[in-house]
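Reading through the structure tokens given below for one structure.
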Amino acid sequence: MDGTLNENDLSRVVAADKAHVWHHLVQHKPFETSDPRIIIEGKGMRVWDQYGKEYIDAVSGAVWTVNVGYGRERIANAVHAQLMKMCYFAQAAGSIPGAIFAEKLIEKMPGMSRVYYTNSGSEANEKAFKMVRQIAHKKYGGKKHKILFRDRDYHGGTLATMSAGGQDERVKQYGPLAPGFVRVPHCMEYRKEELGLGHLSGRDFGIAAANLIEEVILREGPETVGALCLEPVTAGGGVITPPEGYWERVQEICKQYDILLHIDEVVCGIGRTGTHWFGYQHYGIKPDFVTMAKGVASGYAAIACMVTTEEVFEMFKTDPSDKLDHFRDISTFGGCTGGPSAALENMAIIEEEGLLENCTVMGERMLGNLQALMEKHEVIGDVRGKGLFLGVELVKDRDTKEPVDEKDVVAVVGDCGAQGVIIGAANRSIPDRNNVLCFSPALIATAEDIDAITDAVDKALTKVFG
Ligand code: PMP
């Protein structure tokens, strides 16, 4: 592989990293006796670490991001050309790629109309939360300001998005949190007993799970609830696909109580769930806000978007003589033009290479492979997901569904890594344990890639659990 570091460079990079870099998510004490992984190159589905070891990346940059794969020259070239022409101007003005990408994006989102550029998923979600609050002030004297979020969902690492965080262990040490955020129950059929709905299945379960949201609305008072923020398929909270009938009922509930629907597509957006550009489009949802980030430019540039309807936009369309205010907000780097120019190429690649379709076909193959592993490995309690966005829940006992110990999940992830396949682990939150193996390979994955990933998982499960 080109670019492997020589020994001198390698020790310098590792020493600099260990001395000065604060890595995200991971604990650092182990780095006193071991080295962090440094990824130095990527091509297609594959990445190489500092020792030249090759991996299949089954999680698209660890956090479901690099949807079109690594090393896409046309994205780099487009960004280069744009930066040389005009790198930045605050979004108070427009830019050529900002305008063109907004038009292309809205073409894919019937019913939606306006794109607000920002640069992270958390920030996009915060913008929507701020709009909900401002709408409460504009229309309801500030009363209809509460934002409902769901157990297990994740919306970001900032204080307000954490306040809408359904994974307790990510939140519990950071209080006091922002007020006005209220939790609703999850909709996970595999763990329906937790919801008191163990006697229901299929559509009946889906509708009953949605009705649990209605109960919260009635308890809080519908006149105080401004919005409901949900992931179409929950990602980090355990890859939770919605049950049949759930979304239809959620939509009805929002309509009945005049509650704005905010769909967090930070993970699902831009093809991850296959066939459609967005997760919500599988379920006939009509959102008021859609937020997206990771797949928008596949990580080639930092860009996130908060997209609203014309109806929402109209509420903010003021001029200086109006009593009601405009949206008093800015995101400095929402004006970086590299983001939308990368996003335009990213979208063109997905279209030209038929990646929405490939994602569906390969997702079905992967789901089938993982389901087949259930026959062999008692430890697999559930396999679920949509498109190339899949999770495998590991349990000590299929009847009690007690999660396996976290050290065993770490061992499975580690063994896959040793075999040259990077996979992830997500959190099911109650109890505080990561017991869901996660897979989100790039949408370019081939049948050979998928089989190599699931073979590695098979071997790792045998090694760890016998
Ligand atoms: N929403 C969801 C569903 C996410 O998974 C994430 C990130 N993992 C975020 C929001 C926050 O995105 P960011 O890290 O870009 O702020």
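The values are calculated or read from the model by the stated rules, or taken from the named source; none is laboratory data. These numbers were taken from a predicted model, which means no experiment stands behind them. Positions of Cβ are backbone-derived with ideal geometry, glycine not excepted, and every protein chain shown enters the neighbour counts.
Here are the numbers for the structure shown:
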| quantity | calculated |
| --- | --- |
| Residue in the stretch 455-466 that is at pLDDT below 95 and not hydrophobic (A, V, I, L, M, F, W, C) present | yes |
| Conditions (1) in contact (Cβ under 8 Å) with a residue 12 or more places away in the chain; (2) within 16 Å of the ligand (Cβ to nearest atom); (3) touching a helix residue (DSSP H, G or I) at 6+ places or on another chain (Cβ under 8 Å): number failed by GLN167 | (3) |
| Selection count where residues are part of a helix (DSSP H, G or I) and either over 25 Å from the mean Cα position of the chain (by Cα) or farther than 14 Å from MET306 by Cα (or both), scope the stretch 65-102 | 17 |
| Test set (1) modelled with pLDDT of 95 or more; (2) surrounded by fewer than 23 Cβ atoms within 10 Å (Cβ to Cβ); (3) within 16 Å of the ligand (Cβ to nearest atom) - ARG114 fails condition number | (3) |
| Test: residue in the stretch 170-182 that is under 30 Å from LEU356 (Cα atoms) and surrounded by 15 or more Cβ atoms within 10 Å (Cβ to Cβ) | no |
| Looking only at the stretch 242-296, and only at residues there that are of a type in the set (D, E, K, R) and farther than 19 Å from VAL216 by Cα, the one that is farthest from the ligand (Cβ to nearest atom) | GLU244 |
| Long-range neighbours under 7 Å by Cβ, at least six apart or interchain, first residue assigned by TED's automatic domain parsing to the domain that holds ALA92 and free of Cβ contacts under 8 Å to residues at least 60 places away in the same chain within the stretch 104-128, second within 12 Å of the ligand (Cβ to nearest atom) and β-branched (Val, Ile, Thr) | SER122/THR158; SER122/THR161; GLU126/THR158; GLU126/THR161 |
| Members of the stretch 3-17 found to be within 32 Å of the chain's Cα centre (by Cα) and modelled with pLDDT under 70, listed by number | GLY3, THR4 |
| Options ARG152, ARG191, ARG170: the member that is within 17 Å of the chain's Cα centre (by Cα) and under 25 Å from ARG398 (Cβ atoms) | ARG152 |
| Lone qualifier among TYR174, TYR154, TYR190 - being more than 16 Å from the ligand (Cβ to nearest atom) and assigned by TED's automatic domain parsing to the domain that holds CYS229 | TYR190 |
| First in the stretch 294-316 and surrounded by 18 or more Cβ atoms within 10 Å (Cβ to Cβ), second anywhere and acidic (Asp, Glu) and not in a helix (DSSP H, G or I), Cβ under 6 Å, 6 or more apart | THR309/ASP288; VAL312/ASP288 |
| So THR360, is it in contact (Cβ under 8 Å) with a residue 12 or more places away in the chain and more than 20 Å from VAL59 (Cα to Cα) | no |
| Subset of the stretch 117-147 (residues that are over 18 Å from the mean Cα position of the chain (by Cα) and surrounded by fewer than 22 Cβ atoms within 10 Å (Cβ to Cβ)) | LYS130, ARG133, GLN134, ILE135, HIS137, LYS138, LYS139, TYR140, GLY141, GLY142, LYS143, HIS145 |
| Condition check for GLU103: within 16 Å of the ligand (Cβ to nearest atom), within 30 Å of THR275 (Cα to Cα) and not aliphatic (A, V, I, L, M) | no |
| First in the stretch 244-268 and hydrophobic (A, V, I, L, M, F, W, C), second anywhere and in a strand (DSSP E or B) and more than 16 Å from the ligand (Cβ to nearest atom), Cβ under 6 Å, 6 or more apart | ILE259/VAL225 |
| Counted residues, the stretch 39-94 - those being at pLDDT 95 or above, within 16 Å of the ligand (Cβ to nearest atom) and small (Gly, Ala, Ser) | 2 |
